[in-house]
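Enquirer: Just dropping this structure here.
The values are calculated or read from the model by the stated rules, or taken from the named source; none is laboratory data. These numbers come from a predicted model, not from an experiment. Cβ placement follows ideal geometry from the backbone for every residue including glycine, while neighbour counts extend to all protein chains displayed. When the accessible area is computed, the model is the full protein with side chains, heavy atoms only, and any ligands, DNA or RNA have been set aside. Shrake-Rupley method; radii C 1.70, N 1.55, O 1.52, S 1.80 Å.
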Amino acid sequence: MVAAGACAALPAMPGAARAQPVSRGEPVTASVSMSVNGENRTLQLDTRTTLLDALREHLHLTGTKKGCDHGQCGACTVIVDGQRINSCLTLAIMNQGVQVTTIEGLGTVDDLHPMQEAFVKHDGFQCGYCTPGQICSSVAVLDEIKAGIPSHVTADLTAPMAVSEAEIRERLSGNICRCGAYSNIVAAVSDVAGRQG
Amino acid sequence: MRAFSYEKPASPAEAATAASRNPEAKFIAGGTNLLDLMKLEIEAPTHLIDVNGLGLDTIEPTQEGGLRIGALVRNTTLAADQRVRRDYAVLSRALLSGASGQLRNRATTAGNLLQRTRCPYFYDTAQPCNKRQPGSGCSALGGFSRQLGVVGTSDACIATHPSDMAVAMRVLDATVETVKPDASTRTIPLGDLHRLPGDSPHLETVLEKGELITAVTLPKPAGGTQIYRKVRDRASYAFALISVAAIVQRDGSGRVAIGGVAPKPWRVEKAEAELPRGAKAAASALFADARPTHENAFKLPLVERTLDAVLAQARS
């Protein structure tokens, strides 16, 4: 499975939408276009390439991390068309024409996103490997609460949503931090939520 | 991952036809389960049919006063729909108790129903598994079975269906709409969608080759107090040890379906007749034919006590 994405030299499928059954083992490539951090990108990719591998191996945006590669750890979280997803569990080819925001698109060292700034201020990480996923997820979590999307710990499904520590913890349960920086991550996200009002 | 070709058909019937043409084709929707299994080569389709973008992503009212949920409606969208939150709260609650925010943003209604078991022996390709490799044997029967099934299982397989959503849909009397490669359609009660394993656990549903789920329909709201209670090893982002979906009316009558115990959402008519007499009587009817292992026998009293708590909550 790690070989996915290494076949850019192979002949491209004529039109990504065309039916083209192949014999077992014969790699197929296709053209994929998407906007990544505001820039239009077109790639020739083996159909097996996940969005995560397209970002890291082909666009060299290595801020997004590969942890488990099975949707269990959340290190690969990016924002696609406004929604956070596990980029390891979607094929690049399924994402024609979408808008992707990665950690590189949220802020830079000289111009940090408020969530990045809060993670620094509250010491919301130790080794930092899960941090890009944590931050992308956190930004989307606050948007989800604003949009009125309920969670497992929301007491009343029909009442307006509010940010609370319990809501942040539940909504971030798909982002694992093996250094255990959880309490500082919650402090960072609460800080940004408070400033957003 | 094995190589595959890819197509994006223009209509549900076209998708079904494409699938019937190639015996090794698979539909892909959210991809959150299929890609996971393809990376492990437990699934190895040579052709993927992307059913995103077929216009199956809306939730519409039905003439009967219910809701028709498109097969491609994402779990987040369904859980957050105001009509579902108001009239089918057990479904919102079940969805929100499953997976993570990231996964719910991608996972679809039909994909959730068709997800494969999380039995560790199904996932471990070094071990025999009758579901993954028919006839190879069941490693779970003599292995670590704490998470696995206690009822509806067989000597060939004790895997459970892992969905929370399906348990709520079962208690809501949902029906599944499909289209076949010849463009004919049919409606399947959710309780008839999944097969029990018997001696062929690799056959998990009654769907035919190429048959595509297009929607799930809920009948008009059942009213009552709707509760989904999930018991698991972690407070969040874990599969159920057991779960209880219940709709309880003021007179004490009601419906109940159990998750985490069987190869399909477990609902027994006789148990519902016993519901007014309490959790013990209902649980006893639910598990009349139970065959737990020594590691998962705890699930029987756990269901009874959780059901007791659910009934108490409904009365309060």
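Enquirer: Among the residues of region B:73-95, which ones have their accessible area go down by 50 Å² or more when all the protein chains sit together, as opposed to their chain alone (1.4 Å probe)?
Expert: The answer is B:ARG85, B:ARG93 - residues whose exposure falls by at least 50 Å² when every protein chain is included.
Enquirer: Also, I was wondering about something else. List every residue whose amide H lies under 5 Å from the amide H of B:ALA215, counting only residues 5 or more places away in sequence or on a different chain, with H placed 1.01 Å from N in the peptide plane.
Expert: So B:ALA215 has HN proximity to B:ALA71, B:GLU177.
Enquirer: Of the heavy-atom accessible surface of region B:88-201 (probe 1.4 angstrom), what whole percent is carbon and sulfur?
Expert: That fraction is 50 percent.
Enquirer: Whenever you get a sec, compute what percent of the accessible area on region A:92-190 sits on carbon and sulfur atoms (1.4 Å probe).
Expert: 54 percent
Enquirer: Mind listing the Cα extents of region B:178-316 along all three principal axes, in Å, largest one first?
Expert: 51, 40, 32
Enquirer: Determine, from the Cβ-Cβ distance of B:GLU64 and A:ASP110 and an R0 of 51 Å, the FRET efficiency 1/(1 + (r/R0)^6), rounded to the nearest 0.05. Intermediate results must be reported in sequence, preceding the final value.
Expert: Numbers: r = 59 Å, r/R0 = 1.16.
Working from the Cβ atoms, E equals 0.30.
Enquirer: Oh, and also: Which one of B:ALA273, B:ALA222, B:ALA257 has the biggest mean-square fluctuation once chain B is modelled by GNM with Cα springs under 10 Å?
Expert: B:ALA273
Enquirer: With every protein chain left in place, what is the accessible area per residue of region A:29-105 in square angstrom, probe 1.4 Å?
Expert: Value for region A:29-105: 32 Å² per residue.
Enquirer: Apply 1/(1 + (r/R0)^6) to the Cβ-Cβ distance of B:SER20 and A:ASP143, taking R0 = 56 Å, and write down the FRET efficiency to the nearest 0.05.
Expert: That gives a FRET efficiency of 0.85.
Enquirer: Let me ask another. Give the accessible surface of chain B per residue, rounded to a whole number of Å², with probe radius 1.4 Å and ligands, DNA and RNA excluded.
Expert: 38 Å²
Enquirer: When the label point is put 7 Å from the Cα of B:ARG250 along its Cα-to-beta-carbon vector, which residues of region B:211-233 have a backbone N closer than 11 Å?
Expert: Only B:224 fall inside the zone, counting backbone N under 11 Å.
Enquirer: Counting only other chains, and only Cβ atoms inside 10 Å, what mean value do you get across the residues of A:173-182?
Expert: Taking all residues of A:173-182 together, the mean is 2.
Enquirer: Write down the accessible area per residue of region A:114-196 in Å², having rolled a 1.4 Å probe over the full set of protein chains.
Expert: 44 Å²
Enquirer: Once you put a point 7 Å from the Cα of B:ARG305 and another 7 Å from the Cα of A:CYS179, both along the Cβ direction, what distance in nm separates them?
Expert: For B:ARG305 paired with A:CYS179, the spin-label model returns 3.9 nm.
Enquirer: Going 7 Å from the Cα of B:ASP233 along its beta-carbon direction, which residues of region B:277-298 have the amide nitrogen within less than 16 Å of the resulting point?
Expert: Label zone hits: B:295-298.
Enquirer: Mind checking the mean number of beta-carbon atoms from other chains within 10 Å of the Cβ atoms in B:31-37?
Expert: Counting other chains' Cβ atoms within 10 Å and averaging over B:31-37 gives 6.
Enquirer: Find the sum over both chains of the accessible area lost when A and B are paired, probe 1.4 Å, and report it in Å² to the nearest 100.
Expert: 4000 Å²
Enquirer: Average partner chain C-beta neighbours within 10 Å, per residue of B:231-239?
Expert: Partner Cβ neighbours, averaged per residue: 3.
Enquirer: From Cα pairs below 8 angstrom and at least 6 apart in sequence, can you work out the relative contact order of chain A, rounded to a whole percent?
Expert: 19 percent
Enquirer: Taking each pair of distinct Cα atoms in chain B once, what is the resulting Kirkwood hydrodynamic radius in Å?
Expert: Hydrodynamic radius (Kirkwood, Cα only) of chain B equals 19.9 Å.
Enquirer: Once you've got the Cα coordinates, tell me which of B:LYS180/B:LYS264; A:LYS65/B:LYS264; A:LYS65/B:LYS299; A:LYS146/B:LYS39; B:LYS131/B:LYS209; B:LYS26/B:LYS299 are over 29 Å apart.
Expert: A:LYS65/B:LYS264; A:LYS65/B:LYS299; A:LYS146/B:LYS39; B:LYS26/B:LYS299, as the Cα separations exceed 29 Å there.
Enquirer: Let me ask something additional. For a label point 7 Å from the Cα of B:SER316 along Cα→C-beta, name the residues of region A:157-194 whose backbone N is under 18 Å from it.
Expert: Label zone hits: A:157.
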